[in-house]
Amino acid sequence: MPLQAPTTLAIFCKVVDNFGDIGICWRLSRQMVREHGVAVTLWVDDLASFQRICPPLDTAAASQRVEGVQVRHWADQDGVFAPADVADIVIEFFAVDIPPGYNEAMAQCQPKPVWLNLEGLTAEEWVEGCHRLPSMHPRLPLTKHFFFPGFTGKTGGLLREADLIEQRNGFLRDPATSASFLSGLGVTPAEQEALKVSLFCYQHAPVSALLDTWRDGDVAIACFVPEGVATDSVAAFLGGPATAGAVRTQGALTLRVLPFVPQPDYDRLLWSCDFNFVRGEDSFVRAQWANKPFVWHIYPQDENLHHKKLRAFLASYCPDIASLADFSLRWNGARIDRRARIDANEADLAELWMALRHDLELMTCHAADWEKRMLENGDLGANLLDFARSLR
């Protein structure tokens, strides 16, 4: 008699990167419900950050159902759980510690749940060897498996809804649709005619230098930045508070502050722009599915370990586009080896931007080729479920 396929899923998420962690978990949760009929419980410790990308969420509720997902406030590590409370698949996101009581209940289940550590996205080669590896619990009769998203067929692939590409293509086929969407965000017709850039980065990015470069350039640029991003640099350019709706034109640059929008609208913003600056993991993946040129601001780690991850991605993504690699390294404060090993902070950002802009058409073609390669790997959610079924 075949084992029953997994029908319930619990995801435990601690918000470290404000929107990247919860962004990934929220997308995965909705996809599992909509596409696979899985009953999902999403445990989240920071509901305030969650609400920024999911406005209907009630930050005061201990438990609530949103878009078919049961959302639980993960307030602490306490709690007593019974085997009946345990899902068929249990995911700890980025190696968070599941409440001990939940672990104890998992150990009492028959059959045991599929326990996965969904790791962070990286292009480093070692990931292929660690993907799907088992790890025994030191005390309980439980086995955890590591599941890595990635860029090759030997990883879990990238998170992608089944109809995402179709939605994007339908959106872009009708210019009036994109124009209407941007108008709804306050973007004027003149801004829509300019080179449109979305800017999402961490506070330590050299934003002021980039805004100066665009202001003094010879191409009209409309830059859209979410409220709360690079606030000091944005406020300095605006000459006032960097609040949603604020806008100012200086030289060739118009800078507009947008409100934080739900995830589907953020996707549409990426699709509507000619170039996207993204950060962390969630927007990084969505930029790749936007099929547009982008620069990635990677989440910083101690001892600059993130620079190694950045270089691994650049070597895989754009080995023949030096302008994109150089600008990306400068944007992330990493050493630009090709340029006589000069420090990234000494590289001229205006010069790097001009080279990058010159290769815009090349990057657009490359983005389409990269998408085809990523589609061959399947999508993370379906791959994860297939692996879980194989274990049960």
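A few notes on this one:
- Once backbone amide H atoms are built at 1.01 Å from N, Val15 has Asp45, Asp46 as its partners under 5 Å, excluding neighbours fewer than 5 places away on the same chain.
- Ordering of 368-374, 194-200, 258-264 by packing is 194-200, 258-264, 368-374, highest average first (other Cβ atoms within 10 Å, averaged per residue).
- In the chain, the portion of solvent-accessible area held by carbon and sulfur atoms comes to 51 percent [1.4 Å probe, whole percent, DNA, RNA and ligands not counted].
- Average accessible area per residue (Å²) across region 180-268 - probe 1.4 Å, nucleic acids and ligands excluded: 39
- Note, ³J(HN,Hα) from phi for region 106-120, Karplus 6.51, -1.76, 1.60, rounded to Hz, x at Gly and Pro: 4, 5, 8, 6, 9, x, 5, x, 7, 10, 10, 9, 7, 8, x
- Compared with the dominant principal axis of the Cα atoms in the chain, helix 360-375 is inclined by about 10°.
- In order along region 313-329, phi translates into HN-Hα couplings of 5, 4, 5, 7, 7, 9, x, 10, 10, 4, 5, 5, 5, 5, 5, 4, 5 Hz, rounded to whole numbers, per the Karplus curve 6.51 cos²θ - 1.76 cosθ + 1.60 with θ = phi - 60° and x for Gly and Pro.
- Entry for semi-axes √(5λ) of the Cα gyration tensor in Å (calculated from the structure that is shown) out of [x] 44, 22, 18; [y] 30, 28, 19; [z] 38, 23, 20: [z]
- Here is the result for region 134-187: no chymotrypsin sites (Phe, Trp or Tyr not before Pro) lie in DSSP coil with at most 10 other C-beta atoms within 10 angstrom of their C-beta.
- Region 246-358: Cα Rg divided by the 2.2 N^0.38 Å rule of thumb: 1.14
- With θ taken as phi - 60° and the Karplus curve 6.51 cos²θ - 1.76 cosθ + 1.60 applied, the whole-hertz 3J(HN,Hα) list for region 247-252 is 8, 7, 10, 9, x, 8 Hz, x standing for glycine and proline.
- The chain: angle of helix 175-184 to the longest principal axis, Cα-based, in degrees nearest 10: 90
- Hydrodynamic radius by Kirkwood, which averages 1/r over all alpha carbon pairs of region 115-232, in angstrom: 18.8
- Equivalent ellipsoid dimensions for region 171-266 as semi-axes, Å, which come from the Cα gyration tensor, largest first: 21, 16, 11
- Relative to the dominant Cα principal axis of the chain, helix 349-358 is inclined by about 80°.
- Principal axis dimensions, largest first and in whole angstrom, of region 1-115 by Cα: 45, 32, 23
- Here the sum of -39500 (n - 2.57) over DSSP H runs of 4 or more residues, divided by the residues of the chain, equals -12000 deg cm²/dmol at 222 nm, to the nearest 500.
- Projected onto planes of every orientation and averaged, the convex hull of the alpha-carbon atoms in region 34-190 covers 13.1 nm².
The values are calculated or read from the model by the stated rules, or taken from the named source; none is laboratory data. Predicted model, so just to flag it, every value in this text is computed and none were measured. Neighbour counts run over all protein chains shown; Cβ positions are idealised from the backbone, glycine included. When the accessible area is computed, the model is the full protein with side chains, heavy atoms only, and any ligands, DNA or RNA have been set aside. Shrake-Rupley method; radii C 1.70, N 1.55, O 1.52, S 1.80 Å.
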